[in-house]
Amino acid sequence: MVSMSKKRLWIFDFDGTISPIVADPYAATLHPVCKSVLQGLASRTQETVAVLSSRTLGDLMLRVNIPGLCLGGSSGIEWQMPEGEMKQFEPDGDTRLENVRTRILPFIKPLAKLPGISVEDKHWSIALHMRNAPAESKQKIVEYMKAFHQNSMVGVYHGPEVIELQLLPEINKAFGVQKLCGLLGFKPAQGNLVYAGDDENDAAAMQWVQACGGIIFVVGDGPAVPGAKAVGSPFELAMEILQLA
């Protein structure tokens, strides 16, 4: 549990927020300036720092190797705490997830045959990457997802050149932020919670953070969240965080 002396909790999305968007999601790396800022924050006894991603926790751990951070994978279903302790939340167990995967995957996997489309299976979610796709493929994906969203019980979130399916609709990054606060015993108050992200999944968390009186940042061409501070890139975010800290 976080010490009562902790004054602020910082939570950062990974892809597109503290890591530049790249054509190959498996090649994503932490921006060096963002890494320096996170290391500086984590070294302060009154600050708690977390990175929350829809990537699996194992994947995220390979990309964010900074001691003292909370790392959240699968939008906050799984966490590694600063001391190395692992925590996992499984809404309704694996049975429900496997039922959804059995129903959904046969409709999703054929989309990988479209030119330039890459399907990334993250177990709890599925990402459709479109950065290398021609306009025709992107249009087909967008149209397919509209119909898919209307006729299935999954969460559909748009990001920069990607569409993410959360296979259990109640799981998003707002869920992850709330679980982290519970794990830490952290009580959000005016100005003591900061969140930065770049897509619609992050927007769900931003809205919850803002309702608690927190501070929110949208990076790049992310969703327009009223009250959010817009920054153009991971580097610009790092500069804003330095000023705020």
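The values are calculated or read from the model by the stated rules, or taken from the named source; none is laboratory data. Everything numeric in this text was worked out from a predicted model, so none of it was measured. Reconstructed Cβ throughout: ideal geometry from the backbone, glycine too, with neighbour counts over all protein chains shown.
Overview of values
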quantity: Per-region count, region 31-43, residues assigned to a loop (DSSP other than H, G, I, E, B) and either in contact with a helix residue (DSSP H, G or I) (Cβ under 6 Å, 6 or more places away or on another chain) or touching a residue at least 40 places away in the same chain (Cβ under 8 Å) (or both); calculated: 1
quantity: Residue in region 195-207 that is more than 14 Å from Ser54 (Cβ to Cβ), free of Cβ contacts under 8 Å to residues at least 60 places away in the same chain, in contact with a strand residue (DSSP E or B) (Cβ under 8 Å, 6 or more places away or on another chain) and surrounded by 20 or more Cβ atoms within 10 Å (Cβ to Cβ) present; calculated: yes
quantity: Residue in region 146-155 that is part of a strand (DSSP E or B) and out of contact with any His (no Cβ under 6 Å at 6 or more places or on another chain) present; calculated: yes
quantity: Which listed residue is of a type outside the set (S, T, N, Q), in the same structural domain as Ala23 (by TED's automatic domain parsing), out of contact with any helix residue (DSSP H, G or I) (no Cβ under 8 Å at 6 or more places or on another chain) and modelled with pLDDT of 90 or more, from Gly182, Gly176; calculated: Gly182
quantity: Checking Ile171 against (1) over 22 Å from Arg96 (Cβ atoms); (2) part of a loop (DSSP other than H, G, I, E, B), the condition it does not meet; calculated: (1)
quantity: Qualifying residue in region 221-238 (condition: among the charged types (D, E, K, R) and buried (at least 19 other Cβ atoms within 10 Å of the Cβ)); calculated: no
quantity: Scope region 196-245; condition in contact with a His (Cβ under 7 Å, 6 or more places away or on another chain) and either at pLDDT below 95 or at positive phi (or both); matching residues; calculated: Asp199, Glu200
quantity: Qualifying residue in region 139-153 (condition: touching an Asp or Glu at 6+ places or on another chain (Cβ under 9 Å), crowded, with 16+ Cβ neighbours inside 10 Å and at negative phi); calculated: no
quantity: Tabulated pairs, region 228-245, first assigned to a loop (DSSP other than H, G, I, E, B), second surrounded by 17 or more Cβ atoms within 10 Å (Cβ to Cβ) and among the polar types (S, T, N, Q), C-beta under 8 angstrom, 6+ apart or interchain; calculated: Ala228/Gln210
quantity: Test result for Ser75, at pLDDT 95 or above, touching a Lys or Arg at 6+ places or on another chain (Cβ under 6 Å) and buried (at least 20 other Cβ atoms within 10 Å of the Cβ); calculated: yes
quantity: Residue within region 93-111 that is assigned to a loop (DSSP other than H, G, I, E, B), without any contact (Cβ under 8 Å) to a residue 40 or more places away in the chain and over 21 Å from Asp15 (Cβ atoms) present; calculated: no
